[in-house]
1. Could you figure out which of (1) out of contact with any Ser or Thr (no Cβ under 7 Å at 6 or more places or on another chain); (2) surrounded by 12 or more Cβ atoms within 10 Å (Cβ to Cβ) isn't true of PRO136?
2. Taking the condition of being β-branched (Val, Ile, Thr), within 14 Å of the chain's Cα centre (by Cα) and under 13 Å from GLY56 (Cα atoms), how many residues in the stretch 5-43 meet it?
3. Please go through the stretch 122-139 and give me each residue that is under 19 Å from GLY14 (Cβ atoms) and either in a loop (DSSP other than H, G, I, E, B) or not assigned by TED's automatic domain parsing to the domain that holds VAL185 (or both), ordered by number.
4. Being in a loop (DSSP other than H, G, I, E, B) and either aliphatic (A, V, I, L, M) or under 21 Å from THR115 (Cα atoms) (or both) is the filter here, so list the residues in the stretch 141-176 that pass it.
5. Sort through ALA80, ALA103 and tell me the only one that's within 30 Å of SER202 (Cβ to Cβ) and not in a strand (DSSP E or B).
6. I'm trying to understand the selection: among the residues of the stretch 12-38, which are out of contact with any helix residue (DSSP H, G or I) (no Cβ under 9 Å at 6 or more places or on another chain) and surrounded by fewer than 17 Cβ atoms within 10 Å (Cβ to Cβ)?
7. Among the residues of the stretch 79-98, is any among the basic types (Lys, Arg), surrounded by fewer than 16 Cβ atoms within 10 Å (Cβ to Cβ) and in contact with a strand residue (DSSP E or B) (Cβ under 6 Å, 6 or more places away or on another chain)?
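The values are calculated or read from the model by the stated rules, or taken from the named source; none is laboratory data. This is a predicted model, so every value here is computed, not measured. Glycine also receives a Cβ, built like all others from the backbone with ideal geometry; neighbour counts cover every protein chain displayed.
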Amino acid sequence: MTARNIRLLVEYDGTDFAGYQRQPGRRTVQGELERALSRIMGEEVRVVAGGRTDAGVHAIGQVVSFHTEGRIPIENVPEAANANLPRDVAIRGAEEASPEFHARYSATSRIYRYTVVNRPTRSALLGRYAMVVHKPIPVAEMASAAKPLVGTHDFAGFALAGDHRSTVRTLIRLSVDGSPQAATVTIQADGFLRGMVRFLVSGLLATAQGKLSPEELVRILETGQRPAWLCPVPPQGLCLARVTY
């Protein structure tokens, strides 16, 4: 029997997960997907993803793929899988993919969005999906600071330490839209280093607030060194919006 290659569009609330990738003894998105899909396919299923999100990070446009000999009709896969998934993970769509399609290696870019909201007090609802600040958001200043970072650069200064074969990435888009009350940072690249999106947003905020000069922000890019006080923004504001192919 010829194995099928199935592509899924997935969304999840990352709040209560230890991240996307399977980890022994911890609740992960990959683990939940594989349990549900193995049940409906009647065989062990292993999935690969277009983006491996960290703990607390959400997704509305995650793409996963897997090979299976399961015979369930493709149009029934989302409903059947969702019936076996917890409330914080859902399959939005399913399609048959070509044999060579790979959710990770076939991807040409990933698009993330980071949300910041200005509230006088903490938010019982928005706090799960946005970074809550207590002062006006300097949207124009953040957008201006973002411009020199677009392009192909070594982003080691905007990443957590890790075993990266290369820290060079192409940042296709880095834009800031919104108002002093609510803003969205959109980041598109051919690939991301661990923590890269959250450090970029942190750097833009610090520059817009006068904690870093625009020249100092660019120097992080040029030298690969960042100030010890510059920490990544919290994960809950980050969402994987789309994976392009």
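1. Here PRO136 clears every test but (2).
2. Restricting attention to the stretch 5-43, the residues satisfying the condition of being β-branched (Val, Ile, Thr) are 6, 10, 15, 28-29, 40.
Cutting the leftovers down to within 14 Å of the chain's Cα centre (by Cα) gives us 10, 15, 29.
Subset that is under 13 Å from GLY56 (Cα atoms): 15, 29.
Residues meeting the conditions: 2.
3. SER123, ALA124, LEU125, TYR129, ALA130
4. Step one: list which residues in the stretch 141-176 are in a loop (DSSP other than H, G, I, E, B), which gives 150, 155, 159-167.
Of everything in the stretch 141-176, those that are in a loop (DSSP other than H, G, I, E, B) and either aliphatic (A, V, I, L, M) or under 21 Å from THR115 (Cα atoms) (or both) turn out to be VAL150, ALA159, LEU160, ALA161.
5. On the way: ALA80 fails: within 30 Å of SER202 (Cβ to Cβ).
Matching residue, one of ALA80, ALA103: ALA103.
6. ASP16, PRO24, GLY25, ARG26, ARG35
7. Taking the stretch 79-98 first, the residues among the basic types (Lys, Arg) are 87, 92.
Those left that are additionally surrounded by fewer than 16 Cβ atoms within 10 Å (Cβ to Cβ): 87, 92.
Now narrow it down to the ones that are in contact with a strand residue (DSSP E or B) (Cβ under 6 Å, 6 or more places away or on another chain): 92.
Yes: the stretch 79-98 contains one or more residues that are among the basic types (Lys, Arg), surrounded by fewer than 16 Cβ atoms within 10 Å (Cβ to Cβ) and in contact with a strand residue (DSSP E or B) (Cβ under 6 Å, 6 or more places away or on another chain).
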